[in-house]
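Here's the structure we're looking at; comments come further down.
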Amino acid sequence: MTAPRTWRNPLRDERDKRLPRIAGPCGLVIFGVTGDLSRKKLMPAIYDLANRGLLPPGFALTGFARRDWADQDFMQVVYDAVREHARTPFRQEVWDRLAEGIRFVSGTFDDPVAFENLTSTITDLDRVRGTGGNHAFYLSIPPGAFPTVCKQLARSGLSAQSSDQWRRVVIEKPFGHDLKSAKELNRIVNEVFPEESVFRIDHYLGKETVQNILALRFANQLFEPIWNANFVDHVQITMAEDIGLGGRAGYYDGIGAARDVIQNHLIQLLALTAMEEPVSFRPDDLRAEKIKVLSATKPAAPFDETTARGQYIGGWQGGQKVPGLVEEGGFAKDSTTETFAAITLEVNTRRWAGVPFYLRTGKRLGRRVTEIAVVFKRAPHLPFDSTATEELGQNALVIRVQPDEGVTMRFGSKVPGTTMEVRDVTMDFGYGHAFTESSPEAYERLLLDVLLGEPSLFPVNDEVELSWKILDPVLQHWENSGKRPEEYRAGTWGPPSADAMMARTGRHWRRP
């Protein structure tokens, strides 16, 4: 007798795809829990995930730091961070359930006894919380400490994988200082954790608007025919900040704007903008297309004309007088570390050959904004009188990543009246107006992906090393030139050399 046939219900299948992804039994260990990242982003994100019902009931959070704290002390730190920074409303019953799984281990990264205590803590959590041996280790620590912690995790057996449990490591940027150091760091990490268990976190990739680049490009037939060198004049990718370094000078000096932002955030945005359509959105297929683009990308020469860098000096910003870099303290007066960087990249593929990609980032600029501007070529023939179009610019599609997330299209339209006058107008889509639900924080999405073992939004070895391969020649040129970064006033949009870099090609920077 044959078993009755089970019919698939397509409507139910589609419903199941839209159901929220909930992590199975697991725990998270955070190294460096006393830092701002942990307090302002990670701890609130964990609570928000629990509040949305996306963490298992027995989820465990363990902090590791040098402080002489008991579990209750750390629990209070987490509580204060949640109350101050959580995105979702505070609910006592959610907190009470989460607090039951909070633990703290005191020690230094080079102390084997501390890692033995961590092993005992995790073993006990497996027993009392049912975490099943599944634990992720978040290294919210200086990059120089990565090798030490990884080796301690290996020595204590905490990195051991098996068929019935997983162990993963999360690594914050900067991942290396150049190509050589990135390769060495990859080697050290992969000696302890297999590549599929390594999650190099770039919080920009967790933003809804960054993921919307993929939806915008591949869910709409509207853009595909013109998304190429036949129609696109150039692409500008900008991440501008209106704040200075403040207390981060010790971290920032010797790293600079290019290493801090261009190597990871902006080159990743370039890859998503320029990549070909993947055969699916499975992690391997998505990464394969990004790697193809990065493999075809190189900096445009000569670097004296195609790059710019600067350091901010005091000025007026937002109606207030603000200090310059060296006046903030922590920076050597003769430091050559840049707070503004702009570079020109070429993507040598059939789709993009001849289209320059301009990447810029800086501190103390005109306003805080991150955007991708795809600027189109001018119409080859305008049948209007020249005076009719003197205020007409180039068509542009601008993807705003932050702060006012959305998309703007700029095109020409006739000005009402008896004469034929054409002027730029904009059509705007804003996330806040179009959707009722608020977007989760990037760290919510990325932490959940770590716990689920979903690696789509995390760069792999090849992406990290290719990014450094692209940027290294520019960094070496700046170092060998012996020139100091050019000064620019706080509240402006960077040094004059950045404008000159664009003017040489008859273009100009957008003023967001």
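Just so it is clear, none of the values below were taken in a lab; they were calculated from the coordinates. Every value quoted in this text rests on a predicted model; they were computed, and no experiment measured them. Positions of Cβ are generated from backbone atoms using ideal geometry, with glycine treated the same way; all protein chains shown enter the neighbour counts.
Structure above, values below:
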quantity: Geometric extent, Cα atoms of the chain - Rg, Dmax (angstrom); calculated: 24.9, 87
quantity: Between the stretch 57-95 and the stretch 258-308, the Cα center-to-center distance that results, in Å; calculated: 37 Å
quantity: Loop trypsin sites (Lys or Arg not before Pro), the stretch 266-342, which have at most 16 other Cβ atoms in a 10 Å radius of their Cβ (DSSP); calculated: Lys333
quantity: Degrees, to the nearest 10: 461-481 long Cα axis against longest axis of the chain; calculated: 50 degrees
quantity: Long-range HN-HN contacts of Gln402 with modeled amide H, under 5 Å; calculated: Thr370
quantity: Contact order normalised by residue count of the chain, Cα under 8 Å, 6+ apart, percent; calculated: 17 percent
quantity: Eligible lysines near Lys333 by straight Cα distance, threshold 29 Å, same-chain separation 8 or greater; calculated: Lys173, Lys180, Lys321, Lys363, Lys483
quantity: Alpha carbon Rg of the stretch 205-503, scaled by the compact-globule rule 2.2 N^0.38 Å; calculated: 1.06
quantity: Rg followed by Dmax, in Å, when the stretch 22-172 is reduced to its Cα trace; calculated: 14.4, 41
quantity: Set of aspartates and glutamates with alpha-carbon distance to Lys414 below 15 Å, sequence-local pairs under 8 removed; calculated: Asp385, Glu390, Glu391, Asp424
